[in-house]
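So the structure is just underneath, and the comments pick up after that.
Every number here is computed from the coordinates shown, using simple stated rules; none is lab data. Keep in mind the model is a prediction, meaning the values are calculated, not measured. Note: ideal-geometry Cβ built from the backbone for every residue, glycine included; neighbour counts use all protein chains shown.
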Amino acid sequence: MQRENWTSKLGFILAASGSAIGLGNIWRFPFVAGTNGGAIFLFIYLVAIIFIGYPVLISEMTIGRKTERNPVGAFKKLAPDTPWWLVGALGVIAGFVILSYYSVVAGWGLFYMLESVTGLAPGTDFADLFVGHISSTYSPLFWHFVFMFLTVSVIGAGVVNGIQRVVKVLMPILFVLLVVLIFRSLTLEGAGAGLEFYLSPDFSQISLQTFNDAISQAFFTLSLGMGAMITYGSYLSQDESITDSAGYVLGFDTGIAVLSGFAIFPAVFAFGLDPAAGPGLTFITLPAVFSQMPLGGFFGFLFFALLSIAALTSAISLLEVVVAYLVDEFEYPRKKTSYIIGFIIFLVGIPPLLGYSALSDFSFLGMDVLDTYDWIANFILLPTGGMLTAIFIGHYWGTDKAVEEANRNSMKVKVGNIYSLLIKYVVPVAIFVIMALTIYQTVTG
Ligand code: PHE
Ligand code: NA
């Protein structure tokens, strides 16, 4: 069977941006920035995006387009009879782990979307509401199932009829929703303190944790280190340019993350709430904000619709990595495979889901099950995958070949020596040093 291609460059840019823009931008970025001092995190995060994220993004898309394979097949094709394919396999495993808890969080978003219509009354205790929801069993399970079902339906329909069709509708809606929310947030009285927190860096707040969180967030947000961009790149027509498209994806993803900070921090400060609330920022602090503003239910609905849409267009890329692997390598039928794998991932998501009630005694380095999944994915799997991909290109396949392939058909942007230098030395060394220091700190601290 002929392998599918995106029908246009725009189709590819939207799909890859849809993968990139997700819970990472709207849920994770603001809360990680909030717990790391705001502006200073934003600064280090941008450095990580440019010097680590960008070269790895180009590399993954290049490997994909060159080989026209899923991550495992791609490494097998470029490095036959070597163990390099294990890097791809690590990515497929990461796809399972990430999607399973990603869908649980996205399910909370769906719940809050409906809750906004009826339940964000002033005076509600939103911490109680949130904890009550996540530590119950059936409601989160139901929404997790609904979200996985939506994801599976898109992937089952195929690359063009599923993924591309859905992102073309949803990505513009997402953008409009965000603009409305930013306008609302910035026009609240007292918004200035939020801007100050977000934009004026306090350098005394830098620690190893800041770098660690910034690098992990850079990988997660750009969908790197697990082969999603290899897979999406593999559907890019040979006539299109990688470097021209990658810039848009990087720009959109970074733009949306920065913008969601503008939607969230001014509002949080305007109501005198804590920006360092952690993962609850989206689900406790923001509902409290909405409950206090005029038409809050409406804006709450818009916000959680935005979150759910962003999550869906990312979840499909996570599932696509696993499905593409099984379809390419074993010639399994696409639709059936999507449903079966989707169901298995639904099951893998049950421990983090029950982690707040039935498994509430569970603790790993002081984290609950969902945080543990997130930690394994973001601090171990993605940076390791990214580091190995950089080493593969820099020291096995060769940056000359990568540069030539990445620049093919490029009209605007071309990469060269700086890219090569970053991939060969900067990316692997930076990741290695920061991981080693963190492990050292965890063990000794
Ligand atoms: N980039 C997505 C986000 O920011 C998450 C993701 C990670 C998607 C890895 C695919 C692969 O939410
Ligand atoms: Na993202």
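Restricted to segment 121-229, the set of helices (runs of 4 or more DSSP H) holding at least 1 residues that are closer than 30 Å to SER357 by Cβ and away from ligand 1 (no atom under 16 Å from the Cβ) comprises 126-134, 138-156, 208-221. The set of residues in segment 405-424 being surrounded by 13 or more Cβ atoms within 10 Å (Cβ to Cβ) and without any contact (Cβ under 8 Å) to a residue 60 or more places away in the chain consists of SER420, LEU421, LYS424. Residues of segment 72-100 that are without any contact (Cβ under 8 Å) to a residue 24 or more places away in the chain and aliphatic (A, V, I, L, M): LEU86, ALA89. Residues in segment 232-279 that are surrounded by fewer than 22 Cβ atoms within 10 Å (Cβ to Cβ), within 16 Å of ligand 2 (Cβ to nearest atom) and of a type in the set (Ser, Thr, Tyr): TYR248 only. Scanning segment 161-188 for residues that are surrounded by 21 or more Cβ atoms within 10 Å (Cβ to Cβ) and of a type in the set (S, T, N, Q) yields GLN164, SER185. In the condition set (1) within 30 Å of VAL167 (Cβ to Cβ); (2) outside any helix (DSSP H, G or I), GLY272 is compliant with all but (1). Restricting attention to segment 231-253 and to residues that are within 11 Å of ligand 1 (Cβ to nearest atom) and β-branched (Val, Ile, Thr), the residue that is nearest to the chain's Cα centre (by Cα) turns out to be VAL249.
Among the residues of segment 354-368 satisfying the criterion of being touching a residue at least 40 places away in the same chain (Cβ under 8 Å) and surrounded by 15 or more Cβ atoms within 10 Å (Cβ to Cβ), which is farthest from ILE155 (Cα to Cα)?
Step one: filter segment 354-368 for residues touching a residue at least 40 places away in the same chain (Cβ under 8 Å), giving 354, 356-358, 360, 365.
Next, only the ones that are surrounded by 15 or more Cβ atoms within 10 Å (Cβ to Cβ) stay: 354, 356.
Working: LEU354: 27, TYR356: 30 Å.
Applying the filter and picking the extreme gives TYR356.
The lone criterion from (1) more than 15 Å from ligand 1 (Cβ to nearest atom); (2) surrounded by fewer than 23 Cβ atoms within 10 Å (Cβ to Cβ) left unmet by PHE31 is number (1). Annotation note: of GLY38, GLY64, GLY18, the sole residue that is away from ligand 1 (no atom under 16 Å from the Cβ), of a type outside the set (A, V, I, L, M) and touching a Ser or Thr at 6+ places or on another chain (Cβ under 9 Å) is GLY38.
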